[in-house]
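The values are calculated or read from the model by the stated rules, or taken from the named source; none is laboratory data. These numbers come from a predicted model, not from an experiment. Ideal geometry is used to build each Cβ from the backbone, glycine not excepted, and the neighbour counts take in all protein chains shown.
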């Protein structure tokens, strides 16, 4: 086997004991879980807003950003539930480039997975303790979910992972909303099949154990656009796209039909400033058609302190080193505008 086994990493139980969740924070998470769950079960008309940097590259600037979100959340709490993104793994199509905090706690340093595991848990724990936010992360590696299973408020399965059996089965054993993105090629049947799998109970192997999942009724769709055979981006957030997904849900056996619209990626063609227009268009579709209004639960927005992106060694505080993001002033204005339209 062409692999060097470098060192044994701590198991999730050990990491949770190193950085424990206090009873007080457990109560905060339970209340947040109920508030978010109520949206996806259509018991609440609030809008879910999964928002934050493409990648959580630096603890100081991302926590600064999340503190800013906390102040805005207080102002819009009757209309919107903000779920900050702390995305600690970065999927890479070719395996090249910055792979996220889990791999590289220092974006300009060497990979260190032991330090990365500790940094990821401390990061999410600080966000909860300092702001009361349970945050979102992408389930890039299903076997790593338990490092954060007591902290996360929302989980996303990415476009490159949504066909993977292990992702689907692990999602079926998670008790918070899990968004299943449409694949990069755009086949919506793949996304719907992943939701079917995630909502069903399963028996499978997880972290060396035989486990039984109960199924996750909060598994749902994330529309992120797609790329055709010529490499051209195509959106799937328009009214007709939402109507199509509504019909797919209606023709299937699904619990809690729900959609989150990812306003960046192929929906915007990675033109970060288009996220504002896309969100407003979807809000119009929600108002125009009550069925779509009930189905579309909110948005995923890539946002940070500064507009755009920079190279890994760019050095500009609060500017993405991966995909370009919406800056803070535009983000704040967008949140207020969305609250006015709920």
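The condition of being in a strand (DSSP E or B), under 23 Å from residue 272 (Cα atoms) and in contact (Cβ under 8 Å) with a residue 12 or more places away in the chain holds for residue 51. Right, residue 32: modelled with pLDDT of 95 or more and not in a loop (DSSP other than H, G, I, E, B) or not? The answer is yes for residue 32.
Within region 256-281, the set of residues being more than 18 Å from residue 245 (Cβ to Cβ), within 18 Å of the chain's Cα centre (by Cα) and not in a helix (DSSP H, G or I) comprises 264, 270, 272. Exactly one residue out of 34, 74 is under 30 Å from residue 292 (Cα atoms), surrounded by fewer than 13 Cβ atoms within 10 Å (Cβ to Cβ), within 21 Å of the chain's Cα centre (by Cα) and free of Cβ contacts under 8 Å to residues at least 60 places away in the same chain: that is 34.
When residue 107 is tested against (1) surrounded by 14 or more Cβ atoms within 10 Å (Cβ to Cβ); (2) over 18 Å from the mean Cα position of the chain (by Cα); (3) modelled with pLDDT of 95 or more, only condition (3) is not met. Looking only at residues in region 282-291 that are part of a helix (DSSP H, G or I) and over 21 Å from the mean Cα position of the chain (by Cα), the one that is surrounded by the most Cβ atoms within 10 Å (Cβ to Cβ) is 286.
For region 81-104, indicate whether the set of residues that are surrounded by 17 or more Cβ atoms within 10 Å (Cβ to Cβ), modelled with pLDDT of 95 or more and farther than 30 Å from residue 183 by Cβ is non-empty. Checked against the condition, which is being surrounded by 17 or more Cβ atoms within 10 Å (Cβ to Cβ), modelled with pLDDT of 95 or more and farther than 30 Å from residue 183 by Cβ, region 81-104 yields no hits at all. Go through region 209-254 and report how many residues are part of a loop (DSSP other than H, G, I, E, B), surrounded by fewer than 16 Cβ atoms within 10 Å (Cβ to Cβ) and out of contact with any strand residue (DSSP E or B) (no Cβ under 8 Å at 6 or more places or on another chain). Qualifying residue count for the region: 9. Scanning region 105-128 turns up no residue that is closer than 22 Å to residue 220 by Cβ, touching a strand residue (DSSP E or B) at 6+ places or on another chain (Cβ under 8 Å), outside any loop (DSSP other than H, G, I, E, B) and touching a residue at least 40 places away in the same chain (Cβ under 8 Å). In this structure, is residue 10 in a loop (DSSP other than H, G, I, E, B) and either at pLDDT below 95 or surrounded by 15 or more Cβ atoms within 10 Å (Cβ to Cβ) (or both)? Yes; evaluated as a whole, the condition is true for this residue.
Residue count for region 146-159, restricted to those that are surrounded by 20 or more Cβ atoms within 10 Å (Cβ to Cβ) and either within 15 Å of residue 29 (Cβ to Cβ) or in contact with a helix residue (DSSP H, G or I) (Cβ under 6 Å, 6 or more places away or on another chain) (or both): 8. Checking the conditions here, which among 143, 163 is out of contact with any strand residue (DSSP E or B) (no Cβ under 9 Å at 6 or more places or on another chain), surrounded by fewer than 24 Cβ atoms within 10 Å (Cβ to Cβ) and more than 28 Å from residue 73 (Cα to Cα)? On inspection, the qualifying residue turns out to be 163.
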